[in-house]
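Laboratory data are not the source of any read-out in this text; all were calculated from the coordinates shown. Keep in mind the model is a prediction, meaning the values are calculated, not measured. Cβ coordinates were reconstructed from backbone atoms using ideal geometry, including for glycine residues, and neighbour counts include every protein chain displayed.
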Amino acid sequence: GVAQPASVGETSWQKAAGTAQVGIFTDHMSKGEMARKTINNVSSLEILGDAMDSGIVPPFARGMILEGMSGPIDAYKAMLNTTALSLKGKGTGPMTDQDFLVLQTTAGSISANPEARRIVQQALTDNSRISLQIADISSRAISNDINRLEATRQINKLMQSSPLTDEMKARLNVLTSGGSATGSGGGGGDKTIDQMNSELAELKAERAKL
């Protein structure tokens, strides 16, 4: 009847798996700090966007426009590009490397369009909030406040979400490609969100048949 430590009787595989799991949780926790920085960056992007829309740069925002920049649009482009680049490859939240690459390569077009800015800012904010949730779950798992299997289940569920949805990507494509979604010159104009949603639904249905 002497109580044994929890590790007694564990196989070497179980010990290795437990160590690897703690490493994953620790990695998630470290990415929470990047998520906080991204949320701060989004706040700055919103301020710069308002300055572009109004044509007035408030005194407290002037420090965001570095020497050599022509104005808020250059500052917005630079900050968005830096934010996307810092997140790409780090696996921070459910947004993919491809998502961040799109933001990085179209930063100039996004910064020039108010609707595109709102879409991107919302996606970055949602992605960061999910990353913070994952960091919190990971911290609780390491502290044994939550079962590690349950923590992994919750994290996997959060990672399945899509801060930058197919519809948002389609709309961004329209907004950053000169406003024409027809692919031919003259007369087509922008497609509506409903049209794009319908086309995406049809495409998904076709893929499901394969």
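Find the centroid of the Cα atoms in the stretch 42-96 and in the stretch 132-167, then give the distance between the two in whole Å.
What the calculation gives is 29 Å, centre to centre.
Could you run the Debye sum over the Cα atoms of the stretch 40-179, one equal point scatterer each and no solvent, and tell me log10 of I(q)/I(0) at q = 0.11, 0.21 Å⁻¹, two decimals?
Results for the stretch 40-179 at q = 0.11, 0.21 Å⁻¹ read -0.46, -1.20.
At 7 Å along Cα-to-Cβ for each site, give me the label-to-label distance between D50 and D166 in nm.
So the label points at D50 and D166 sit 3.6 nm apart.
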